[in-house]
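The values are calculated or read from the model by the stated rules, or taken from the named source; none is laboratory data. All figures in this text were calculated on a predicted structure; none of them were measured in a lab. Methodologically, a virtual Cβ is constructed for each residue, glycine included, from the backbone with ideal geometry; neighbour enumeration extends over all protein chains shown. Accessible surface is based on the protein model in full, side chains and every heavy atom, while ligands, DNA and RNA are left aside. Shrake-Rupley method; radii C 1.70, N 1.55, O 1.52, S 1.80 Å.
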Amino acid sequence: MERVSAAPLHPAAVATGDAAPYLATLNPSQREAVEAIDGPVLVLAGAGTGKTRVLTTRLAHILACGRCRPWQVLAVTFTNKAAREMRDRVAGLLGIPVDGWWVGTFHATAARMLRAHAERIALKPNFSILDTDDQLRLVKQLLDARNADPKRHPPRYLLSLIGRWKDRGLTPERVTAAEGADALDGLALAVYHEYQERLKVLNAADFGDLLLHTLTLFQNEPEVLARYQQQFRYILVDEYQDTNVAQYLWLRALAQAHQNLCCVGDDDQSIYSWRGAEVGNILRFEHDFPGARIVRLELNYRSTPHILAAASGLIAHNRSRLGKTLWTDAGGGEKVVVRGCWDGEDEARTLVDAVERLRAAGEALRTMAVLVRAGFQTREFEERLITVGIPYRILGGMRFYERQEIRDAIAYFRIVVQPDDDLAFERIVNVPKRGLGVASLRAIHQAARGGGTSLLIAAARLVGTDELKPQARSTLARLLADIARWRGLLTEMPHADAARQLLDESGYTRMWQQDRSPEAAGRLENLKELIAALAEFESLPAFLEHVSLVMDNDEAAADDKLTVMTLHGAKGLEFDTVFLPGWEEGIFPNQRSLDEGGAASLEEERRLAYVGLTRARRRAVILHAASRRVYGMWQSALPSRFIGELPKADIEVLAPSGIGVAADFAARRWRADPVDGDGAGADGDGDRLRRALGGPAARVQPRPAPRHAFHCGQRVFHQKFGYGRIAAVDGDKLEVEFEKTGTKTIIHSFVEAA
């Protein structure tokens with residue numbers, strides 16, 4: 001290996017054995033990763049094991065050893081924040097400025113390369129980088145030029161297809177004929193060709209192009225690739241498990257000359273396949289770079305022994321992994337709590353009560369987090385938090401009632417209840433699209449101002465005149481008739497059923513069903529959750545009044561706030577106490593993911609559970625409900641299979657308050673070994689958490705396959721549904737005709753003979 005003849009950048013940092021001060025702060029595995037300078041290295045960095053320290057110290061060490069100059073190192077990250085942190089830490093270690101170094105995100109680094117060679121790919125160096133709105137506008141223009149129906153060929157979905165092709169490093173010419181024919185009957189590939197040509201005319205690129213064009217440059221201009229291969233003697237990569245195919249190909253091309261590639265990542269935290277990440281990139285590192293050294297960082301500086309053991313035991317059920325086991329030399333700590341609840345409402349109440357008690361015991365809200373699998377789960381927790389006055393923040397998303405689809409639906413409800421609500425009328429009059437143009441809406445506003453009436457009354461008057469074009473009059477008349485009919489439904493059927501019918505008949509539900517964007521499925525789930533919430537109130541006006549009070553909640557009430565967010569958004573964060581609700585089959589693992597991706601998706605769901613557990617420093621609390629309201633109907637819920645995969649020695653099962661049968665059910669479901677009820681550490685945190693969660697731990701004893709003596713015709717009692725009579729028996733499940741709540745399917749453990 002050629003050594004650069006230059007003095008070390010900082011005399012005090014010369015790596016002469018133990019003389020380098022920055023090496024003294026590293027544990028043996030971290031030091032091994034830092035000092036393994038030559039050749040390909042994969043650092044498997046478990047959660048909380050100090051990967052950022054390793055990455056930045058390694059960069060500083062390479063420079064301090066005089067192996068190369070700063071501009072001969074390429075360090076790539078996924079976020080600007082991570083890039084800034086790396087630059088700042090290296091500058092602090094070496095005491096020199098880092099301006100102009102090749103330290104940045106994949107896209108920023110690729111853009112820097114492209115601007116230096118733009119003419120070779122038919123662009124000018126000052127090319128624009130389009131944001132998502134501009135990309136969408138361009139796709140819509142191309143579809144309009146083809147007279148394509150946007151309902152059959154949604155622009156957002158088409159743009160997402162193009163993005164996926166780019167993530168895989170596929171130019172239009174490289175998309176296979178079969179794949180191109182399957183995508184929107186060939187339209188997607190045709191538009192992809194036109195889209196790329198139009199971008200060149202505009203002297204523009206989108207984010208996917210930054211890597212795709214660079215790959216094209218490397219393939220078509222070998223001297224350009226050779227220049228960068230020779231320049232970058234060392235390459236460092238953060239979060240390698242999150243790379244897509246294009247990023248993988250880009251890195252592999254640049255690393256071929258010197259083979260000094262160090263990738264830091266965690267295959268157990270690969271949770272972004274839905275946005276193109278390929279866990280296979282990290283799994284085949286040794287195959288791609290024969291002779292590569294694998295360094296495992298397993299000493300965790302974040303969590304307690306029980307949390308780490310539970311997380312490690314869970315993730316061990318995945319087959320597609322390189323393998324490592326987190327551990328800590330810290331003593332004490334409490335077990336992971338698994339708390340059964342009767343239903344979603346009980347789950348929210350139990351969780352928020354625990355937050356209140358921990359807060360009263362001196363715990364700050366900002367040290368706690370609620371991590372959910374899907375956005376719709378936040379609604380019940382938000383309402384409970386507002387009811388008891390606990391300030392909270394939604395990270396990585398909006399509050400439930402602030403989301404677009406929820407605001408739209410509520411606007412429909414408002415105009416039905418209050419016809420004079422002009423703001424609601426304005427919001428829904430053309431959502432979904434009804435062909436009412438700017439001229440028609442302007443005429444309605446003018447009529448309302450001139451007559452001193454509401455927009456709805458003005459619209460009704462215009463329908464009987466020639467002020468509007470015939471098509472607009474007809475469309476508006478149908479909408480007004482629908483609003484009147486929906487108002488009548490409120491007197492004819494339960495208000496939740498009327499609201500559901502309104503969303504269906506208005507075309508609003510169908511609009512999101514036809515939308516193929518990644519967000520559409522979540523929006524539909526949120527609408528279903530909205531209907532479920534509405535059913536809990538005595539009337540639609542009562543619900544709307546409640547929503548108004550919720551929306552008026554003071555966001556700036558306090559700086560100390562509980563964090564509520566999705567598991568995907570929590571990666572990289574840590575909290576003293578982490579609540580993990582909704583660990584039930586269908587919710588987590590998510591049924592839609594399993595249906596779409598099978599075994600591979602199940603493993604990613606399990607990785608997501610691992611990420612959730614390893615966010616916790618001191619406490620992790622898993623909650624699940626025995627029944628949930630789904631689409632307005634109560635259904636029994638089974639605990640997540642992930643609960644059964646947790647090491648029994650590291651969990652503590654708490655039954656619902658005053659109810660012992662849930663613990664019995666948990667034992668049968670998980671085939672549990674006896675669980676010691678004392679999970680307290682030296683500081684007594686276990687006792688505090690048990691009090692917060694409502695009672696002593698249930699001692700769970702293993703039991704054989706479920707047996708019971710229930711039979712058809714027997715009268716039984718259920719804590720929530722009341723008295724009923726068994727209509728059918730199917731193993732553990734009983735079909736019970738309850739006297740007040742109708743027929744339900746119930747696990748036998750949750751009823752008793754009446």
Hey, among Gly437, Gly451, Gly396, which residue is modelled with pLDDT under 85, under 24 Å from the mean Cα position of the chain (by Cα) and farther than 26 Å from Thr491 by Cβ?
-> Gly396
So, of the residues in segment 147-163 that are of a type in the set (Lys, Arg) and surrounded by fewer than 16 Cβ atoms within 10 Å (Cβ to Cβ), which turns out to be modelled with the highest pLDDT?
-> Arg152
Residues of segment 495-520 being crowded, with 17+ Cβ neighbours inside 10 Å and assigned to a helix (DSSP H, G or I), which ones?
-> His495, Ala496, Ala498, Ala499, Arg500, Leu502, Leu503, Tyr508, Thr509, Met511, Trp512, Ala520
Residues in segment 169-192: is at least one surrounded by fewer than 20 Cβ atoms within 10 Å (Cβ to Cβ), under 18 Å from Leu138 (Cα atoms) and of a type in the set (Lys, Arg)?
-> no
Within segment 568-652, which strands (runs of 3 or more DSSP E) (wholly inside it) include 2 or more residues that are among the polar types (S, T, N, Q)?
-> 633-636
For segment 431-443 the number of residues that are open to solvent by less than 70 Å² (accessible area, probe 1.4 Å) and either under 30 Å from Ala542 (Cα atoms) or assigned to a loop (DSSP other than H, G, I, E, B) (or both) is 6
Test Lys51 against the criterion of being open to solvent by 20 Å² or more (accessible area, probe 1.4 Å), touching a strand residue (DSSP E or B) at 6+ places or on another chain (Cβ under 7 Å) and closer than 23 Å to Trp101 by Cα, and give yes or no.
-> yes
Which condition number in (1) within 30 Å of Arg615 (Cα to Cα); (2) surrounded by fewer than 19 Cβ atoms within 10 Å (Cβ to Cβ); (3) in contact with a Pro (Cβ under 8 Å, 6 or more places away or on another chain) is the one that Glu286 fails?
-> (3)
In segment 713-721, is there at least one residue being open to solvent by 80 Å² or more (accessible area, probe 1.4 Å), part of a loop (DSSP other than H, G, I, E, B) and at pLDDT 70 or above?
-> yes
Considering only segment 602-629, state which residues are modelled with pLDDT under 95 and open to solvent by 40 Å² or more (accessible area, probe 1.4 Å).
-> Arg629
Using beta carbons and a limit of 7 Å, which pairs, at least six apart or on different chains, have the first residue in segment 480-497 and free of Cβ contacts under 8 Å to residues at least 40 places away in the same chain and the second one open to solvent by 50 Å² or more (accessible area, probe 1.4 Å) and in a helix (DSSP H, G or I)?
-> Leu480/Ala460; Asp482/Glu505; Leu489/Gln501
Count - residues of segment 253-285 that are polar (S, T, N, Q) and within 18 Å of Arg319 (Cα to Cα) = 4
Taking the options Arg112, Arg67, name whichever one is out of contact with any helix residue (DSSP H, G or I) (no Cβ under 8 Å at 6 or more places or on another chain), over 30 Å from Asn300 (Cβ atoms), surrounded by 15 or more Cβ atoms within 10 Å (Cβ to Cβ) and among the charged types (D, E, K, R).
-> Arg67
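Let's see how each residue does on (1) touching a Leu at 6+ places or on another chain (Cβ under 8 Å); (2) surrounded by fewer than 16 Cβ atoms within 10 Å (Cβ to Cβ); (3) under 27 Å from Ile37 (Cβ atoms):
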| site | (1), (2), (3) |
| --- | --- |
| Ala75 | yes, no, yes |
| Ala82 | no, no, yes |
| Arg89 | no, no, yes |
| Pro97 | no, yes, yes |
| Thr105 | no, no, yes |
| Ile121 | yes, no, no |
Determine whether Gln259 is polar (S, T, N, Q) and part of a loop (DSSP other than H, G, I, E, B).
-> yes
Just for segment 125-155: of the residues that are in a loop (DSSP other than H, G, I, E, B) and acidic (Asp, Glu), which one is nearest to the chain's Cα centre (by Cα)?
-> Asp131
What do you reckon, is Ala533 exposed (fewer than 15 other Cβ atoms within 10 Å of the Cβ), closer than 14 Å to Ile410 by Cβ and modelled with pLDDT under 90?
-> no
Across segment 630-650, which residue is nearest to Trp342 (Cα to Cα) among those that are open to solvent by 40 Å² or more (accessible area, probe 1.4 Å) and within 23 Å of the chain's Cα centre (by Cα)?
-> Leu638
Residues satisfying the stated conditions in segment 210-225, i.e. more than 14 Å from Leu249 (Cα to Cα) and either touching a strand residue (DSSP E or B) at 6+ places or on another chain (Cβ under 7 Å) or open to solvent by less than 10 Å² (accessible area, probe 1.4 Å) (or both) = Val224
From the list Ala309, Ala369, which residue is open to solvent by less than 20 Å² (accessible area, probe 1.4 Å), small (Gly, Ala, Ser) and either under 28 Å from Arg592 (Cβ atoms) or within 25 Å of the chain's Cα centre (by Cα) (or both)?
-> Ala369
Turns out the helices (runs of 4 or more DSSP H) fully within segment 33-124 with at least 1 residues that are at pLDDT 90 or above are 51-64, 106-116
Mind listing whichever residues of segment 414-430 are touching a helix residue (DSSP H, G or I) at 6+ places or on another chain (Cβ under 6 Å) and open to solvent by less than 60 Å² (accessible area, probe 1.4 Å)?
-> Ile415, Val416, Val417, Pro419, Asp421, Asp422, Ala424, Phe425, Ile428
May I ask you to say which residue of Arg449, Arg434 is of a type outside the set (S, T, N, Q), touching a residue at least 24 places away in the same chain (Cβ under 8 Å) and at negative phi?
-> Arg434
Members of segment 458-472 found to be surrounded by fewer than 18 Cβ atoms within 10 Å (Cβ to Cβ) and outside any loop (DSSP other than H, G, I, E, B), listed by number | Arg461, Pro470, Gln471
Just wondering, is there one or more residues in segment 546-568 that are more than 23 Å from Val338 (Cβ to Cβ), under 14 Å from the mean Cα position of the chain (by Cα) and open to solvent by 10 Å² or more (accessible area, probe 1.4 Å)?
-> no
Name the pairs: first residue in segment 161-178 and farther than 17 Å from Arg516 by Cβ, second residue at pLDDT 95 or above and open to solvent by 40 Å² or more (accessible area, probe 1.4 Å), Cβ to Cβ under 8 Å, at least 6 apart or on different chains?
-> Gly169/Leu249; Pro172/His193
Can Leu351 be described as touching a Phe, Trp or Tyr at 6+ places or on another chain (Cβ under 6 Å), closer than 30 Å to Gln719 by Cβ and either of a type outside the set (Gly, Ala, Ser) or open to solvent by 40 Å² or more (accessible area, probe 1.4 Å) (or both)?
-> yes
When both residues are 6+ apart or on different chains and their Cβ atoms are under 6 Å apart, which pairs have a first residue that lies in segment 372-401 and is more than 23 Å from Asn590 (Cα to Cα), and a second that is part of a loop (DSSP other than H, G, I, E, B) and at pLDDT below 90?
-> Ile386/Asn553; Pro391/Ala557; Pro391/Ala558
